[in-house]
1. Need one number: nm distance between label points at Met44 and Asn58, each 7 Å from Cα along Cα→Cβ, rounded to one decimal.
2. Can you list the trypsin sites (Lys or Arg not before Pro) in the range 1-68 that are in a DSSP coil and have 16 or fewer other beta carbons within 10 angstrom?
3. Could you work out the relative contact order of the chain, using alpha carbon pairs under 8 angstrom and six or more residues apart, expressed as a whole percent?
4. What size of dipole, in debye to the nearest 20, comes out for the range 2-61 about its Cα centre when the only charges are +1 on Lys and Arg C-beta atoms and -1 on Asp and Glu C-beta atoms?
5. How big is the convex hull of the Cα atoms of the chain, per residue, in Å³?
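Quick note: the coordinates plus some simple rules give every number you see, no bench work behind them. From a predicted model like this one, the values you see are computed outputs, not experimental measurements. Because the Cβ atoms are built from the backbone with ideal geometry, glycine has one as well, and the counts that use them run over all protein chains shown.
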Amino acid sequence: MFLIFDADNSTTQIWASRESYGWDFFVYGLTVSGDPRVCPSLAMACELVGIDPRPILNIAPFLSPPKEATQ
């Protein structure tokens, strides 16, 4: 797992985990129990936290879904 977002003065974090089918994104700090929310895309994880995913994708473009080939 890779820590990809950790806000200053916040308990919210986004972690990325590489799986055989792609990436899973774990958002910590949203629930009272401490359990993470699992999201299938970086955009969904960022929406839960209320941040823009573009700065993360500028640094780590491999986290974005692959572009479909057009004919």
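1. Spacing of the two 7 Å Cα→Cβ label points: 2.6 nm.
2. Answer by residue number: Lys67.
3. 19
4. In debye, rounded to 20, the range 2-61 gives about 100.
5. Hull volume normalised by residue count: 101 Å³.
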